[in-house]
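Engineer: Below you'll find the structure I mean.
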Amino acid sequence: MLYVYLDSSQIKLMLLKKSLLGQYESSFVKKSLQEDLLKDGLPVNPDVIASGLKEALSGFKDQPIKEKDVTLILPQEAFLFFREDMPIDIADAVLETYLREKARAHLNSDIDNSHFDYLIRESEGKKKVLFYAIKKEALQAYQKPLSLLDFNLKSIIPEPLTYFKLFEKTLRPNKKENIWYVSYDQDKLSGYVYDSFGLLEEKRWTATIAKTKKIEDVLQKQVAVYEAKSVKLNRLILSGAQSDDVRQDTFTKNVGVWTNPIKRIIPHFYADYLKMLRGQNESELPILTHDMLIGGFIFASEDKQFSMYKSTNKSIGSSRSKPSFSLPTIPVPKKIIFLFALSFLITFGILFGLAQMNTNMITLKIPSIAFPSFASPTPTPIPTTPTPNAPTPTPTPEVVREELKIKVLNGSGIRGKAGIVKDFLTDAGYEDIITANAAAFDYEITVIQFKKGQEATRDLVSEDIASEIEDKVVFETLAEDEAADIVIIVGTDFK
């Protein structure tokens with residue numbers, strides 16, 4: 001199984017070999033080229049791409065590639081895209097017709113000469129349709145360099161879907177979030193903006209980090225641009241090889257958006273996939289460099305119905321119809337058929353008879369003899385009213401310490417107090433913690449701010465710090481748009 005990612009000047013490969021135990025031996029290769037591979041979503045030169053792929057494939061060394069089916073991951077520029085509210089009363093039978101009309105209106109393109117498919121996402125009780133399409137001529141242009149190497153294009157996945165799949169499990173059903181996924185590699189930044197449904201900003205954002213600039217300053221400037229467009233970012237998910245050197249606590253403070261490294265999200269939420277891809281060698285996966293390939297594998301595993309290349313069970317999407325075929329008819333003599341049927345019936349009858357005999361032997365009982373009774377008749381008992389069962393209490397949702405975002409504000413006026421509290425919380429099992437100063441330094445009693453409906457989270461945190469508090473903490477309500485789940489304002493009562 002070969003996954004191929006193409007960008008403007010990069011080729012990334014993931015080769016998977018499945019074992020009998022259902023695991024994969026995974027190998028990764030990255031190849032950078034001096035020439036442009038893609039421009040405006042189309043291949044610049046198929047021969048250059050084929051040559052680059054051939055060089056990249058040589059990086060697998062002694063591993064012969066027998067698998068000829070390729071899953072191709074492409075940047076958003078290669079696709080037509082729109083998102084639409086899902087009508088509540090629309091029937092599945094007319095959904096394709098409805099989407100075709102919407103595509104013509106939104107995309108101003110000949111959708112009948114395109115391959116397309118869609119996803120339906122649900123959040124906060126609402127549904128949205130995410131529609132992706134690729135033109136026929138674009139698809140043929142991507143097929144050509146693969147065919148030069150005798151590869152078959154099995155499926156195509158838009159790059160934004162692979163990134164969304166890597167943090168989808170961190171989303172909460174009834175909470176709206178705007179998330180910026182940014183990759184930082186080779187002094188270049190690129191990213192997509194999502195909300196809880198999926199891709200929000202169609203255009204991919206890119207920037208180059210000059211030697212005189214810091215990544216925090218570049219990101220902070222773009223955050224202000226999004227806010228000017230009424231897109232308030234709740235989280236920044238950072239990936240890419242250079243992101244490994246970023247300190248989360250100071251980075252969050254300087255950028256102004258809560259930052260999650262992808263290398264911390266995947267082990268917690270996608271551990272099963274990591275175990276599957278590591279295979280028996282248990283080798284470390286290059287998550288930061290090849291995140292879109294790993295995300296593409298997870299997407300292909302969980303969203304098998306999505307297909308922009310082959311026709312699907314939904315009978316929508318591809319303008320390439322599924323080839324129809326029938327098994328060859330082999331004439332069989334009637335005598336052979338009769339003898340086969342007769343032998344089957346005889347065998348079935350014998351087995352059925354043996355089964356009945358065994359059942360009768362097991363259930364055979366000595367017949368009971370009824371004697372007349374001279375005892376006085378037993379009065380008919382008065383039925384008692386059954387006692388209703390006590391209602392089962394609604395289980396309290398489990399709160400996982402590692403998943404909570406905690407902000408610790410020093411309001412005690414004691415230098416370094418927030419850092420001490422952070423160390424205490426880290427020892428207690430919390431991981432996502434940032435520190436800063438409170439608006440005032442006259443807090444005598446520690447305050448815990450929590451969001452409505454998050455009482456279980458409040459209770460867990462307050463119990464964990466109870467041993468360090470001289471008296472009971474004060475609880476306050478936290479704004480819903482706050483990125484942190486819990487804010488602790490440290491007072492002088494904290495030991």
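Engineer: For the condition over 20 Å from Ile262 (Cα atoms), open to solvent by less than 60 Å² (accessible area, probe 1.4 Å) and hydroxyl-bearing (Ser, Thr, Tyr), what is the one hit in Tyr226, Tyr181?
Structural biologist: Tyr226
Engineer: Here's another thing I want to ask about it. Out of (1) open to solvent by 20 Å² or more (accessible area, probe 1.4 Å); (2) under 18 Å from Leu149 (Cβ atoms); (3) assigned to a helix (DSSP H, G or I); (4) in contact with a strand residue (DSSP E or B) (Cβ under 6 Å, 6 or more places away or on another chain), the odd one out for Lys31 is which?
Structural biologist: Just one mismatch for Lys31, condition (3).
Engineer: State whether the residues of segment 94-107 include one that is touching a strand residue (DSSP E or B) at 6+ places or on another chain (Cβ under 7 Å) and of a type in the set (Lys, Arg).
Structural biologist: yes
Engineer: Between residues in segment 475-488 that are closer than 18 Å to Val231 by Cβ and residues that are loosely packed, with under 11 Cβ neighbours inside 10 Å and basic (Lys, Arg), which pairs lie under 8 Å by C-beta distance while being six or more apart or on different chains?
Structural biologist: Pairs that qualify, where the first residue is closer than 18 Å to Val231 by Cβ and the partner is loosely packed, with under 11 Cβ neighbours inside 10 Å and basic (Lys, Arg), are Glu480/Lys452.
Engineer: Under 8 Å between Cβ atoms, which residue pairs at least 6 apart in sequence (or on different chains) link something in segment 185-213 that is on the phi > 0 side of the Ramachandran plot with a partner that is in a loop (DSSP other than H, G, I, E, B) and modelled with pLDDT under 95?
Structural biologist: Here the result reads Asp187/Ile209, each pair linking segment 185-213 to a residue that is in a loop (DSSP other than H, G, I, E, B) and modelled with pLDDT under 95.
Engineer: Can you tell me which of Val223, Val231 is more than 17 Å from Tyr163 (Cα to Cα), out of contact with any Pro (no Cβ under 8 Å at 6 or more places or on another chain), among the β-branched types (Val, Ile, Thr) and outside any helix (DSSP H, G or I)?
Structural biologist: Only one candidate qualifies: Val231.
Engineer: For the structure I just gave you, tell me whether Glu77 is open to solvent by 20 Å² or more (accessible area, probe 1.4 Å) and either in a strand (DSSP E or B) or at pLDDT 90 or above (or both).
Structural biologist: Taking the combined requirement at face value, the residue satisfies it.
Engineer: If you don't mind, there's one more thing I want to ask. Suppose we keep only residues that are among the charged types (D, E, K, R) and part of a helix (DSSP H, G or I) within segment 140-175. Which one would you say is nearest to Leu57 (Cα to Cα)?
Structural biologist: Here the answer is Lys144.
Engineer: Also, I was wondering about something else. Here is a list: Leu166, Leu200. Which entry is among the aliphatic types (A, V, I, L, M) and open to solvent by less than 10 Å² (accessible area, probe 1.4 Å)?
Structural biologist: Criteria check complete, one pass: Leu166.
Engineer: If we keep just the residues of segment 432-449 that are part of a strand (DSSP E or B) and in contact with a Gly (Cβ under 9 Å, 6 or more places away or on another chain), which is surrounded by the most Cβ atoms within 10 Å (Cβ to Cβ)?
Structural biologist: Residue satisfying both the conditions and the ranking: Thr435.
Engineer: Checking Thr492 against (1) under 35 Å from the mean Cα position of the chain (by Cα); (2) buried (at least 16 other Cβ atoms within 10 Å of the Cβ); (3) in a loop (DSSP other than H, G, I, E, B): exactly one of these is not met. Which one?
Structural biologist: In the conditions (1) under 35 Å from the mean Cα position of the chain (by Cα); (2) buried (at least 16 other Cβ atoms within 10 Å of the Cβ); (3) in a loop (DSSP other than H, G, I, E, B), Thr492 misses (1) alone.
Engineer: Now for a different question. When the residues of segment 34-58 are filtered to those that are at pLDDT below 90 and within 29 Å of the chain's Cα centre (by Cα), which remaining residue is most open to solvent (accessible area, probe 1.4 Å)?
Structural biologist: Top of the filtered list is Asp40.
Engineer: Only one residue in Gly419, Gly429 is open to solvent by 20 Å² or more (accessible area, probe 1.4 Å) and in a loop (DSSP other than H, G, I, E, B), so which one is that?
Structural biologist: Testing whether each residue is open to solvent by 20 Å² or more (accessible area, probe 1.4 Å) and in a loop (DSSP other than H, G, I, E, B) leaves just Gly429.
The values are calculated or read from the model by the stated rules, or taken from the named source; none is laboratory data. Keep in mind that what you see is a predicted model, and the values were worked out from it rather than measured. Neighbour counts are summed over all protein chains in view; Cβ atoms, including those assigned to glycine, are modelled from backbone coordinates with ideal geometry. Quick note on the areas: whole protein, heavy atoms, side chains included, nothing else; ligands and nucleic acids left out. Shrake-Rupley method; radii C 1.70, N 1.55, O 1.52, S 1.80 Å.
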